[in-house]
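Report on the structure given below.
The values are calculated or read from the model by the stated rules, or taken from the named source; none is laboratory data. Please read these numbers as outputs of a predicted model, since none were measured by experiment. Here the Cβ positions follow ideal geometry from the backbone for every residue, glycine too, while neighbour counts run over all protein chains shown. Side chains included, ligands, DNA and RNA excluded: accessible areas come from the protein's heavy atoms. Shrake-Rupley method; radii C 1.70, N 1.55, O 1.52, S 1.80 Å.
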Amino acid sequence: MGAIESYRLRLRRRRMLWRAFRKRRELTPVQDRTAAIGSRDILLFSTLRNERVRLPYFLRYYREMGVGHFLLVDNGSDDGSREYLAEQGDVSLWHTTRSYRKARYGVDWMNRLLRVHGQGHWTLSVDVDEFFIYPFCDTRPIGALTDWLDASGVKSFGAMMLDMYPKGPLSAHRYHEGQNPIEIANWFDSGNYTITKNQTHGNLWIQGGPRARAFLAGKPAKAPALNKLPLVKWDRRYAYTSSTHMILPRGLNKVYDEDGGEKTSGILLHAKFLDTMGQKAEEEILRREHFANGAEYKAYHARLKAEDPDLWCKWSEKYINWRQLEILGLMSKGNWA
């Protein structure tokens, strides 16, 4: 990369940090328990709205993984999410009713909290419907992974988002509070993905899966990106630029090997496709707070209104464990054994 392009990226990173600083006034503390954060705690950051039914399992899943503290932004929930989270002793909670879209889909809020509270910590940035898995996650806590990354001099860890769905109509599988959603949405596309490289930021751009084939079949280029950088050893100079798909400085995006080898990587099991999806799509269409005025949710709503879809197909594979995903080439243990 030339000197001019490098300079432009530095300016962009500074603009992202400045935006985050300006947006700090939009965040009102509900419960600030950050004084209890330990020096070696792994921190989880997330923005959410009306996810009360998902929260008990989400918190339990990441507590059991080894997350030490949750730093969450509630964006105007009216379903009891804020009240529930305020009662959790390992949660620091901020509230805002300001525009999710004008905060760059929550990235400005996250960058602000990461800059203030994430310095020197391994940070996990995920949505409430995303469940991080990594090689040996069934026997080793996330702290074992971050210790290995520290010893290897690695600052960021990539993961592909894998859309999960049930077999049969979505409405036939009722989700209950506290339930593991992967018990219901336990199928995924084992192939059907495209990968390109973003020459400016150096990250891979992955698209495909059930959202591309079932909801955006005529517009594959509009399919959501499936590449993410959820786990980062945070430094106050860093900034996410497009959700957690890309980050600056640019070198943090290089979580893959171009020389024929394999770098250790993870997966985000994405449990979006539950029976609650229709209601969520209607809400987000009215709010118009998501990318392109909620074009993705409009596609969901149109299909859900026309039928009760069954996303299962002959190429679907039932989820077993991380080793299965490694065999399929969707994640790699690299040299972490």
Nonlocal amide H pairs with Gly168, under 5 Å, H built at 1.01 Å: Leu311, Trp312
Packing-based order for 240-248, 18-26, 172-180, using average beta carbon neighbours within 10 Å, highest first: 240-248, 18-26, 172-180
Label selected from [x] 16.6; [y] 20.2; [z] 15.7, the criterion being mean projected area of the Cα convex hull in nm² as computed here: [x]
MRE, 222 nm, helices only [DSSP H, n ≥ 4, -39500 (n - 2.57), over the chain, to nearest 500]: -8500 deg cm²/dmol
Exposure rank, largest accessible area first [Asp138, Asp79, Asp108; 1.4 Å]: Asp138, Asp79, Asp108
Alpha-carbon Debye profile of region 21-68, log10 I(q)/I(0) at 0.14, 0.19, 0.28, 0.33 Å⁻¹: -0.50, -0.88, -1.19, -1.19
Per-residue HN-Hα couplings for region 233-241 [Karplus 6.51, -1.76, 1.60; θ = phi - 60°; Hz; x = Gly/Pro]: 7, 6, 10, 4, 7, 7, 7, 5, 10
Amide H partners (placed H, <5 Å) of Asn227, local residues excluded: Met161, Ile206
Semi-axis lengths (Å, descending) of the ellipsoid that matches the C-alpha gyration tensor of region 111-196: 30, 17, 15
Relative intensity, log₁₀ I(q)/I(0), of region 150-229 from a Debye sum that treats every alpha carbon as a point, q = 0.10, 0.13, 0.19, 0.24 Å⁻¹: -0.35, -0.56, -0.93, -1.14
Per residue, the convex hull volume that the Cα atoms of region 209-284 enclose (Å³): 157
Other-chain or far-sequence residues with amide H under 5 Å of Arg33's (modelled H): Ser92, Leu93
J(HN,Hα) series, region 150-162, from Karplus relation 6.51 cos²θ - 1.76 cosθ + 1.60, nearest Hz, glycine and proline x: 4, 5, 8, x, 9, 9, 9, 9, x, 8, 8, 7, 10
Karplus 3J(HN,Hα) series, Hz, for region 320-331 with 6.51 cos²θ - 1.76 cosθ + 1.60 (x for Gly, Pro): 10, 6, 5, 5, 4, 5, 5, 4, 6, x, 8, 8
Solvent-accessible ranking of Ile327, Ile4, largest area first, probe 1.4 Å: Ile327, Ile4
Rounded FRET efficiency, nearest 0.05, which uses the C-beta distance separating Trp312 from Asp257 and R0 of 41 Å: 0.80
Rounded to the nearest 10 Å², the accessible area of Ser125 at probe 1.4 Å: 10
Projected-area mean, region 77-142, by convex hull of Cα positions, square nanometres: 6.3
Alpha-carbon Debye profile of region 22-172, log10 I(q)/I(0) at 0.16, 0.20 Å⁻¹: -0.95, -1.38
Where Rh is the Kirkwood radius over Cα pairs, Rg/Rh for region 1-103: 1.07
